[in-house]
């Protein structure tokens, strides 16, 4: 992992979805269209957003805190939406650094 003065590249996949009970007109439209296309067993569709973010941080704790802050500050409206994410080190960058 990162040493003194070194940062690592991190990749986050952030999933933002409407909270339960919040109307989802896009999901309703998609569900209706799927049933019209011959998928009568579709009973519910909830739409959301997926964002892939690449950024640098010193370590996993700092990276985790940064993603949480990004979600609170911009990516999700906490009144209407929930945010969850998957975070990992960019292994491709690590391989490139090891084999310049």
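Since every read-out is calculated from the coordinates, none of them should be taken as a lab result. As the structure is a computational prediction, the values presented were derived from the model and not from experiment. Cβ atoms come from the backbone with ideal geometry, glycine included; neighbour counts cover every protein chain shown.
Given just the C-alpha atoms of the chain, how large is their convex hull per residue in cubic angstrom? Provide the component values of the computation, followed by the final result.
Working: hull volume 13.3 nm³, N = 100.
Dividing the Cα hull volume of the chain by its residue count gives 133 Å³.
Given the -39500 (n - 2.57) contribution per DSSP H run of 4+ residues, what per-residue ellipticity at 222 nm results for the chain, rounded to the nearest 500 deg cm²/dmol?
Working: 3 runs with 31 residues, N = 100.
So the helix-based figure for the chain works out to -9000 deg cm²/dmol.
Where does helix 25-36 land angle-wise versus the long Cα axis of the chain, in degrees 0 to 90, nearest 10?
Between the helix axis and the principal axis of the chain, the angle is about 60 degrees.
Quick one: angle between helix 60-70 and the longest Cα principal axis of the chain, in degrees between 0 and 90, rounded to 10, please.
Between the helix axis and the principal axis of the chain, the angle is about 40 degrees.
If you average the alpha carbon positions of segment 11-36 and of segment 39-89, how far apart do those two centres end up, in angstrom?
For segment 11-36 versus segment 39-89, the Cα centre distance is 15 Å.
Pairs of alpha-carbon atoms within less than 8 angstrom and 6+ residues apart define the contacts here; what relative contact order does segment 8-98 have, in percent? Spell out each step's value before the answer.
Details: 118 pairs, mean separation 44.6, N = 91.
That works out to 49 percent.
Could you order peptides 38-48, 21-31 by the average number of other Cβ atoms within 10 Å of their residues, highest first?
Working: 38-48: 10.8, 21-31: 12.9.
Put in order of decreasing packing, that is 21-31, 38-48.
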